[in-house]
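Q: Pasting in a structure now, in structure tokens, and then I'll have a few things to ask.
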Amino acid sequence: MTGVSLEQKRRLVTDLPGPRSQELMARKLTAVASGVGTTVPVFAARAGGGIVVDVDGNQLIDLGSGIAVTTVGASAPRVVAAVTEQVEAFTHTCFMVTPYESYVAVAEALNRVTPGDHEKRSVLFNSGAEAVENAVKIARAHTGRDAVVVFDHAYHGRTNLTMAMTAKNMPYKHGFGPFAPEVYRAPGSYPYRDGGVDGRAAAARAIDQIEKQIGADNLAALVIEPIQGEGGFIAPATGFLPALASWCRANGVVFVADEVQTGFARTGDMFACDREGVVPDLIVTAKGIAGGLPLSAVTGRAEIMDAPHVGGLGGTYGGNPIACAAALAALETIEADGLVARARAIEDRVRTRLLRLSGTDSRLGDVRGRGAMLAVELVRAGSQEPDPRLARDVSRYAHQRGVIVLTCGTYGNVLRFLPPLSISDELLDDAFDVLTAAFEEIR
Ligand SMILES: Cc1ncc(COP(=O)(O)O)c(C=O)c1O
């Protein structure tokens, strides 16, 4: 169900970028701080289903969802209706001043849909990074300990604490230090590049380092993306997450799943932790939570969540009523429209295309990911040497032909696919025809 009036077809009426986009880009360069980059040089006018329409009238296929945000589409009917109704009622009172029902309803919904049947609480914020920071605050308040462990290739955001937690220097950290203390990095599980170490062995390796270099008694939280996002869509080997979670439980360490990118049906489960039955103590969500409105959350065990003192958590805009209305509508859409199953169907379709390509072209070194969060790691033919140039050239080729694809990865050599779950099969097929042609033409 696209539910939008936009014709669901790729169509180019100018070269890309068109004249109006070029004009706006010239204005952007003189008005917007140059630290804010843009991936595709076209300016959006409308979006919905699996299509982004630019200001010149070109229709592009969306394989990015605004970085995994518009899971239900960029103008999902229930979201549009709920937001419109809420804007007319009131835009803001601040939940910490005069609370409103929708915030409570979002907390109830999150407590219901996140992994585990235990008693839970939720708190709402604006961005993924803000929620990650607050998960660390909550874990520290609960444990009375300082240290936080994160992993190689991790991405947790761009605020000061989350920069310390993020692995990659350029562009996220370079020149922006000093960073927050008491953040330690452990080795993860990267099946394509760690010689096939199995999940339990990879967890044992991480735990050994944590015990020797930090000490479990000093550790407040272990924060992990169940499938790493910006780091390269790295799905750990089976058994890695459950082993870490049970070590945390045995040692009083708060296990925090950062599901900012993987949450809300994206990976073919409501949450990526669900696949192996991992129940995190705290789960951090954002992105797909509210159909494009800025909202994020920390949800978790009541006794941990209730540790901070009254007034210790919050923020002026956290759980803004328009974002809450959108979240309730987005969640209803995910459940009523069967979007978890849709993500799995998208995986079948896209994975088949990618495997067909990788079977004949050894530059596609590893096809991976789950649901509608899939990627291919590009390497020099016949080797595992990362090829970021190929990733750049293929994505540029796609952009010029009206297909929005994103890259990621510590080595910048991963093409990632994050279509809205409202995309049609026809658009997916068209997009992957373009990508297939790109690999044929770019040598
Ligand atoms: C796993 C993960 N955590 C945190 C963040 C930060 O979210 P935000 O950009 O909303 O601050 C991101 C953003 O890409 C993410 O993928």
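The values are calculated or read from the model by the stated rules, or taken from the named source; none is laboratory data. The model shown is predicted, which means the values in this text are computed figures rather than measured ones. No Cβ is skipped: glycine too gets one built from the backbone with ideal geometry, and neighbour counts run over all protein chains shown.
Q: Collect the residues in segment 226-242 that are within 16 Å of the ligand (Cβ to nearest atom) and either surrounded by fewer than 23 Cβ atoms within 10 Å (Cβ to Cβ) or within 14 Å of the chain's Cα centre (by Cα) (or both), keeping them in residue-number order.
A: The answer is P226, I227, Q228, G229, E230, G231, G232, F233, I234, A235.
Q: Scanning for something under 30 Å from W247 (Cα atoms), small (G, A, S), touching a helix residue (DSSP H, G or I) at 6+ places or on another chain (Cβ under 9 Å) and at pLDDT 95 or above, does segment 339-356 turn up at least one residue?
A: Scanning segment 339-356 turns up no residue that is under 30 Å from W247 (Cα atoms), small (G, A, S), touching a helix residue (DSSP H, G or I) at 6+ places or on another chain (Cβ under 9 Å) and at pLDDT 95 or above.
Q: Scan segment 114-150 for residues that are more than 16 Å from the ligand (Cβ to nearest atom) and either assigned to a strand (DSSP E or B) or within 19 Å of the chain's Cα centre (by Cα) (or both) and jot them down.
A: Across segment 114-150, the qualifying residues are P115, K120, R121, S122, A147.
Q: For the list (1) farther than 30 Å from E332 by Cβ; (2) in a loop (DSSP other than H, G, I, E, B); (3) away from the ligand (no atom under 16 Å from the Cβ), I need the number of the one condition that Y172 fails.
A: Against the list (1) farther than 30 Å from E332 by Cβ; (2) in a loop (DSSP other than H, G, I, E, B); (3) away from the ligand (no atom under 16 Å from the Cβ), Y172 comes up short only on (3).
Q: Does segment 243-257 contain any residue that is within 11 Å of the ligand (Cβ to nearest atom), in contact with a helix residue (DSSP H, G or I) (Cβ under 9 Å, 6 or more places away or on another chain) and either acidic (D, E) or closer than 30 Å to D348 by Cβ (or both)?
A: Yes, segment 243-257 has at least one match.
Q: Next question, about the same structure. Would you please name the residue that is nearest to S65 (Cα to Cα), looking only at residues in segment 207-225 that are within 11 Å of the ligand (Cβ to nearest atom) and not in a loop (DSSP other than H, G, I, E, B)?
A: So the residue we want is I224.
Q: Need the failing condition index for P178 against (1) touching a strand residue (DSSP E or B) at 6+ places or on another chain (Cβ under 6 Å); (2) under 28 Å from A141 (Cβ atoms), just the number.
A: Here P178 meets the rest and fails (1).
Q: Give the residue that is surrounded by the most Cβ atoms within 10 Å (Cβ to Cβ), with candidates limited to residues of segment 362-376 that are touching a residue at least 60 places away in the same chain (Cβ under 8 Å) and more than 22 Å from S422 (Cα to Cα).
A: G365
Q: Moving on. Out of the residues in segment 50-68 that are assigned to a loop (DSSP other than H, G, I, E, B) and buried (at least 24 other Cβ atoms within 10 Å of the Cβ), which is farthest from the ligand (Cβ to nearest atom)?
A: The qualifying residue farthest from the ligand (Cβ to nearest atom) is G50.
Q: Of all residues in segment 70-107, how many are in a loop (DSSP other than H, G, I, E, B) and without any contact (Cβ under 8 Å) to a residue 12 or more places away in the chain?
A: Count: 3.
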